[in-house]
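Worksheet: one structure, shown below.
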Amino acid sequence: MRFIESLDSWLDKTGEKLESKKVKLYTDIIGPLVFMIFAATVLLLMPSQIILLDESQINPRTFPVLLMGLILICSAVQLIKEIVRIVKKNDPAVKEINLLVEVKALIILVILIGYAVLMQVIGFTISSVLAGVAMLLFFRIKKPLYYAIIIFAAVLIGVFFRSVLNVPLP
């Protein structure tokens, strides 16, 4: 229980620090940049992925090159429009992101990815128990009955699928 209490106090301190922190994102600038990076990456990777057997005018690379070129051009136009908008002192579209909310979402995502990875390594039942307990710890559930319910449900579901339904679980 001492570990849980120290974890709770650390989470409280970190939460207080992150609660007031907000990040401003210029969505109309970030969007075109992301698409430009994506299109450039696809264009750079294409020669190694799509091998040409003959040198005809229309080949398997034609449509992807045209599509990525169109994405690059449209993204560049959008980016230039937004830069001009900022230079003229017009208000660009800004989205504020609360860091505390995003960190919490990231922790839940890490727990779910860990669950998926562990399921392949140690099996369904044990990984389900660990993921359930991790979620309860994350949401600071202190009632032992909830932990017992999670453990019982994971074991029961594992046994039911293996024994009754004859479904092989990882």
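What follows is calculated from the coordinates using simple rules that are stated; it is not laboratory data. Keep in mind that what you see is a predicted model, and the values were worked out from it rather than measured. Methodologically, a virtual Cβ is constructed for each residue, glycine included, from the backbone with ideal geometry; neighbour enumeration extends over all protein chains shown.
A Förster radius of 25 Å, combined with the Cβ-Cβ distance separating I37 from I86, puts the computed FRET efficiency at roughly 0.80. Based on DSSP H segments of at least four residues, each scored -39500 (n - 2.57), the chain has a per-residue ellipticity at 222 nm of -25000 deg cm²/dmol. With contacts taken as Cα pairs under 8 Å at a separation of at least 6 residues, the range 97-170 carries a relative contact order of 30 percent.
The aspartates and glutamates whose alpha-carbon is closer than 20 Å to the alpha-carbon of K142, local same-chain residues fewer than 8 away aside, are E5, D8, D12.
Across all directions of projection, what mean area in square nanometres is found for the Cα convex hull of the range 79-170? Intermediate values should be presented prior to the final figure.
Details: hull surface 39.6 nm².
Its Cα hull, projected and averaged over all orientations, spans 9.9 nm².
Taking the Cα centre of the chain as the origin, how large is its charge dipole in debye, to the nearest 20, when only Lys and Arg (+1) and Asp and Glu (-1) carry charge on their Cβ atoms?
Numbers: 17 positive and 12 negative charges, 104 e Å.
So the magnitude is around 500 debye.
Computed from the Cβ-Cβ distance with R0 of 25 Å, the FRET efficiency linking F161 to I113 stands at 0.65.
Compute the relative contact order of the chain as a whole-number percentage, counting only Cα pairs closer than 8 Å that sit 6 or more residues apart in sequence.
Details: 119 pairs, mean separation 42.8, N = 170.
25 percent.
Using 0.36 nm times the number of residues separating K13 and L145, minus their current alpha carbon distance, what extension gain do you get? Mind dumping the intermediate values first?
Numbers: separation 132, 0.36 × 132 = 47.52 nm, distance 2.75 nm.
Taking K13 through L145 to full extension adds about 44.8 nm, to one decimal.
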